[in-house]
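The values are calculated or read from the model by the stated rules, or taken from the named source; none is laboratory data. None of these values were measured; they are calculated from a predicted model. Virtual Cβ from ideal backbone geometry, glycine too; neighbours counted across all protein chains shown.
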């Protein structure tokens, strides 16, 4: 059986691999009263590199807290990126995306305030370690309301690995190389 290879378009997602954090404000709207947002997302490749997997944790204010897992892929027939998220509130979000220069635009629909609402999530890559994002909703796809606008920053890989314990063999070899007191 011949094995397929990931689309070259997927390489553009490499930018996101790592852990990203964001703190900001969610504006009051049809989804609720708004509040302070804290978001942490870890992006990693699924084996085979056909999908980027995102493990997310969100908190808005003192009460709203949830997690989700999403998969980003590429549909070569439609020439669109795909985004499928499933969260701890029982919701599923499906969007399609395009990359225009340094800006990702994800469009979909979501149940908000008891109605199906059009959504768009716009990400503008600033630096290898920072991007701006904006989440907007619209009843008709013409007039958009911004619910969240913020900046995400990527954790340094060395900082993440600094919290991992050293292997036992590394600890022993360091001790063994120290001069012994007489």
Of the conditions (1) surrounded by fewer than 16 Cβ atoms within 10 Å (Cβ to Cβ); (2) touching a helix residue (DSSP H, G or I) at 6+ places or on another chain (Cβ under 9 Å); (3) within 26 Å of residue 130 (Cβ to Cβ), the single one that residue 100 does not satisfy is (2)
If only one of 2, 31 is closer than 30 Å to residue 76 by Cβ and modelled with pLDDT under 95, which one is it? 2
For the range 52-77: of the residues being touching a residue at least 40 places away in the same chain (Cβ under 8 Å) and touching a strand residue (DSSP E or B) at 6+ places or on another chain (Cβ under 7 Å), which is nearest to residue 135 (Cα to Cα)? 72
Among the residues of the range 54-78, which ones are surrounded by 15 or more Cβ atoms within 10 Å (Cβ to Cβ) and within 14 Å of the chain's Cα centre (by Cα)? 54, 56, 57, 58, 68, 70, 71, 72, 73
Within the range 78-88, is even one residue without any contact (Cβ under 8 Å) to a residue 12 or more places away in the chain, within 22 Å of residue 150 (Cα to Cα) and part of a strand (DSSP E or B)? no
Residues of the range 44-69 being assigned to a strand (DSSP E or B) and closer than 15 Å to residue 10 by Cα, which ones? 44, 45, 52, 53, 54
